[in-house]
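Visitor: Submitted below is the structure of interest, expressed as structure tokens.
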Amino acid sequence: MDHAHEHHHSGEHHEHTHGGGAGWAMAAGATLHCLTGCAIGEVLGMVIGTALGWGNAATMITAIVLAFFFGYALTLRGLLAAGVALRPAVRVALAADTLSIAVMELIDNSVIAFWPGAMDAHLSEPLFWIVLAISLAAAFVITTPVNKWMIGRGKGHAVVHQYH
């Protein structure tokens, strides 16, 4: 029992879990964190692409780049707030989020690309928002087990949690 209390008070042991794997709550939290950044980037990319009259490919590339940017930025913000210097914070963010964001973007953009009419839907149409919500929900469901697996091996957001 003393070890359980030590677990909650010692930052250096925060990433370790008992029972052979990472908890689903931590994995879901890490995924939600990435999802927030991805959603901001996706919507902003769509707004920029639509406003500038870009085609689907340019708009999707912009959305993906911005999704990675905002996904990393949210992690960086937390690390910098915890007092981590910029260079190591960037390394931790890249290590923690790259696979998670990549899986999320793959799922998210695949749903949008293969949903009939979704690529041509405008921001003012309900179809755009419905498909975006479904694609992000699918990305969350598929990416959470990936994050759980990574955290269970001391990778991904387990590294970030060392600094909180």
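The values are calculated or read from the model by the stated rules, or taken from the named source; none is laboratory data. From a predicted model like this one, the values you see are computed outputs, not experimental measurements. Glycine gets a Cβ as well: all are built from the backbone with ideal geometry, and neighbour counts include every protein chain shown. Accessible surface is based on the protein model in full, side chains and every heavy atom, while ligands, DNA and RNA are left aside. Shrake-Rupley method; radii C 1.70, N 1.55, O 1.52, S 1.80 Å.
Visitor: So, ILE142, is that one free of Cβ contacts under 8 Å to residues at least 40 places away in the same chain and more than 17 Å from MET60 (Cβ to Cβ) or not?
Guide: yes
Visitor: I would also like to ask the following. Where in segment 2-111 are the helices (runs of 4 or more DSSP H), entirely inside, with at least 2 residues that are open to solvent by 20 Å² or more (accessible area, probe 1.4 Å) and modelled with pLDDT of 90 or more?
Guide: Values: elements: 2-9, 24-51, 56-81.
It comes to 24-51, 56-81.
Visitor: Give ALA73, ALA58, ALA25 a once-over and let me know the one that is among the aliphatic types (A, V, I, L, M) and closer than 15 Å to SER100 by Cβ.
Guide: Working: ALA58 fails: closer than 15 Å to SER100 by Cβ; ALA25 fails: closer than 15 Å to SER100 by Cβ.
Residue meeting the stated conditions: ALA73.
Visitor: Here is a further query. Out of the residues in segment 114-139 meeting the condition of being touching a residue at least 40 places away in the same chain (Cβ under 8 Å) and assigned to a helix (DSSP H, G or I), tell me which one is surrounded by the most Cβ atoms within 10 Å (Cβ to Cβ).
Guide: It comes out as ALA139.
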